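Please treat every number below as a calculation from the coordinates, not as lab data. Every value quoted in this text rests on a predicted model; they were computed, and no experiment measured them. Here the Cβ is made from the backbone with ideal geometry for all residues, glycine too, and neighbour counts use every protein chain on show.
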Amino acid sequence: MIKKLITQLTQNPRTLFLADSAGALLSAFFLFVVLKNFNAYFGTPETILNYLSAIAACFCIYSATCFLFLKGNWTLYIRVISIANLLYCILTLCLLIIYLPLHTYLGIIYFLAEIAVIGVLVYIELNVAAVI
């Protein structure tokens, strides 16, 4: 299934930026609105949520800009966002470990799920960039 998706995205890499932008927007929303307002259920310090949501918002703007204005040279820009996403996953995992005593089980599950989803996206992005 993922190989078929990679093949389709190789033919239309612009769509990859749309998916990345939508995912980053969703991530920023969850971090800044949902997790902040229901912090008792997640346990993540508010400052961490602010920083992570700001990073996600920047990724959203980058990917949306690429989707709207980029006409070629997809490989470079896809690699940039995939590496940025990978670094975001590493940062999130480090913060999860550092603040582990503060997190609830729901918070741990949320961040591990986010890392897993972004990890799959990174895999797809790097494979698409390698083909085009």
Project the alpha carbons of the chain onto their principal axes and report the range along each, largest first, in whole Å.
-> 45, 27, 20
Residue-wise, which Karplus ³J(HN,Hα) couplings in Hz belong to the stretch 89-100, taking 6.51 cos²θ - 1.76 cosθ + 1.60, θ = phi - 60°, and x for glycine or proline?
-> 4, 5, 4, 4, 5, 4, 5, 4, 5, 4, 9, 3
The size of the Cβ-based charge dipole (Lys, Arg +1; Asp, Glu -1) of the chain about the Cα centre, to the nearest 20 debye, is 360
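Between beta-carbons, use under 13 Å as the cut-off and find the net charge around residue 23, counting Lys and Arg +1, Asp and Glu -1.
Numbers: positive: none; negative: 20, 114, 125.
Cβ neighbours under 13 Å give a net charge of -3.
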How large is ³J(HN,Hα), in whole Hz, for each residue of the stretch 111-120 in order, when computed from phi with the Karplus curve 6.51 cos²θ - 1.76 cosθ + 1.60 and θ = phi - 60°, using x for Gly and Pro?
-> 5, 5, 5, 4, 4, 5, 5, 5, x, 5
To the nearest 500 deg cm²/dmol, what mean residue ellipticity at 222 nm is calculated for the chain from DSSP H runs of n ≥ 4 alone, each contributing -39,500 (n - 2.57), summed and divided by the residues?
-> -27000 deg cm²/dmol
Where does each of 6, 118 land when they are ranked from fewest to most other beta-carbon atoms within 10 angstrom?
-> 6, 118
Neighbourhood net charge (13 Å Cβ-Cβ; Lys/Arg +1, Asp/Glu -1) for residue 124 = +1
Multiply the residue gap between residue 79 and residue 33 by 0.36 nm, knock off their C-alpha separation, and tell me the result in nm, one decimal place.
-> 13.6 nm
